[in-house]
Amino acid sequence: MAVRCGTSAEATMGASADNPGMPVLGRPHPAVKSYLAKGYAGIGDDVPAHSVILPASAAVPVVFKLEDSPQRPPAFSHGADAQFMVMEGDCAPTYLELALSPLGAYSLLGVPLHELTGRLVDLIDLFGPEAARLTEKLRESTPWARRFQLVDEFLLARAAEGPQPSPEVVWSWRRIQRTGGAVAMRALAEDVGWSHKHLIAMFKRQIGLPPQMVARLARFERLRRLLDRHPAVTLARIASELGFADQAHLNREFKTFSGLTPTQYVASLTGWMGPIPVTGAGRPFGPDAARSLAASGPAQR
């Protein structure tokens, strides 16, 4: 399996003679940036056909296909998930992707996030006809910078209408991220004046996952970023520094959330894509995974 482990938005890097087969990266509008876990990326038809492994994450990916493909709706999202996912079949030939932070997703998507946890959802089920109109506009526009600007405008309009997460959840989320997950959940609840049970309920509603899982994912992301910057780091040395019991614990957590061992992940950093064998209990992410909110109701987790 091949895997891919300004004012307005503008294209900052793209496929060119110097960067063949690379994504075009977009800089979101400053007012949109706070709602995103990462910026915009445009994948063109010069990128080789590929499938994708999505690591477990509290972020909420959003994809707009610029050309149709057999798998998945023309525009879709996927809720936060504590399992990695293997997307079945090749991705669309060309598409635009972004990732919402969970707090941003709560405001922009306008639904309790536990209803989306572990689910692939057609954007029409979330945004109605506006999703189809935006997808059509994106397909009609050729410059990537214009496409990114259209997404900016859409998200800014949604942000003005959407609900705001509670200050207690915002504070707790940021505390978990700052500490890399090294914070006691009961102490966190006491700091915001809530019971532990209420903290869990509010995190599920406004983040999509319970706080303990968010902390584990924050620790995993901290490790992943460290490997990105220092692929030759000694895992046994950093395990305790990052809050793992030992290297075996680190390896288990990394494979649980990514489908890869740390060694396999580091090997994949040599290129944007590469052949990586994936093992573990990942979630399939294919055509049969798309379920309408209206048809199936809230996901049971």
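The values are calculated or read from the model by the stated rules, or taken from the named source; none is laboratory data. These numbers were taken from a predicted model, which means no experiment stands behind them. Using ideal geometry, Cβ is built from the backbone for each residue, glycine included, and neighbour counts are taken over all protein chains shown.
Residue by residue through the range 111-131, note down the ones that are out of contact with any strand residue (DSSP E or B) (no Cβ under 8 Å at 6 or more places or on another chain) and over 17 Å from residue 98 (Cβ atoms). Outline the logic, then answer.
Residues of the range 111-131 out of contact with any strand residue (DSSP E or B) (no Cβ under 8 Å at 6 or more places or on another chain): 111-112, 114-115, 125, 127-130.
Of everything in the range 111-131, those that are out of contact with any strand residue (DSSP E or B) (no Cβ under 8 Å at 6 or more places or on another chain) and over 17 Å from residue 98 (Cβ atoms) turn out to be 111, 112, 114, 115, 125, 128, 129.
Which one of these does residue 256 not meet: (1) out of contact with any helix residue (DSSP H, G or I) (no Cβ under 8 Å at 6 or more places or on another chain); (2) of a type in the set (Val, Ile, Thr); (3) surrounded by 20 or more Cβ atoms within 10 Å (Cβ to Cβ)?
The number of the failed condition is (3).
Every residue in the range 239-252 that is part of a helix (DSSP H, G or I) and either surrounded by fewer than 17 Cβ atoms within 10 Å (Cβ to Cβ) or among the polar types (S, T, N, Q) (or both), please. Let's see the steps before the verdict.
Of all residues in the range 239-252, those part of a helix (DSSP H, G or I) come to 247-252.
247, 248, 249, 251, 252 - these are the residues of the range 239-252 that are part of a helix (DSSP H, G or I) and either surrounded by fewer than 17 Cβ atoms within 10 Å (Cβ to Cβ) or among the polar types (S, T, N, Q) (or both).
Please specify each residue of the range 142-168 satisfying the condition of being more than 21 Å from the chain's Cα centre (by Cα) and among the acidic types (Asp, Glu).
161, 168
For the condition of a type in the set (Lys, Arg), touching a Gly at 6+ places or on another chain (Cβ under 9 Å) and surrounded by 13 or more Cβ atoms within 10 Å (Cβ to Cβ), what is the one hit in 175, 139, 147?
On the way: 175 fails: touching a Gly at 6+ places or on another chain (Cβ under 9 Å); 139 fails: touching a Gly at 6+ places or on another chain (Cβ under 9 Å).
Criteria check complete, one pass: 147.
If we scan the range 49-64, do we find a residue that is surrounded by fewer than 18 Cβ atoms within 10 Å (Cβ to Cβ) and at pLDDT below 90?
Step one: of the range 49-64, the residues surrounded by fewer than 18 Cβ atoms within 10 Å (Cβ to Cβ) are 49-50.
From what is left, the residues that are at pLDDT below 90 are 49-50.
Among the residues of the range 49-64, at least one is surrounded by fewer than 18 Cβ atoms within 10 Å (Cβ to Cβ) and at pLDDT below 90, which makes the answer yes.
What are the residue pairs meeting all of these: first residue in the range 152-168, first residue more than 13 Å from residue 36 (Cβ to Cβ), second residue not in a helix (DSSP H, G or I), Cβ atoms under 7 Å, and 6 or more apart or on different chains?
Qualifying pairs under 7 Å: 162/110; 163/110; 168/194.
Can you tell me how many residues within the range 220-230 are over 16 Å from the mean Cα position of the chain (by Cα) and either of a type in the set (D, E, K, R) or under 21 Å from residue 54 (Cβ atoms) (or both)?
So the first thing to find is which residues in the range 220-230 are over 16 Å from the mean Cα position of the chain (by Cα), and the list is 223, 226-230.
Narrowing further to those that are either of a type in the set (D, E, K, R) or under 21 Å from residue 54 (Cβ atoms) (or both): 223, 226-229.
So the count comes out to 5.
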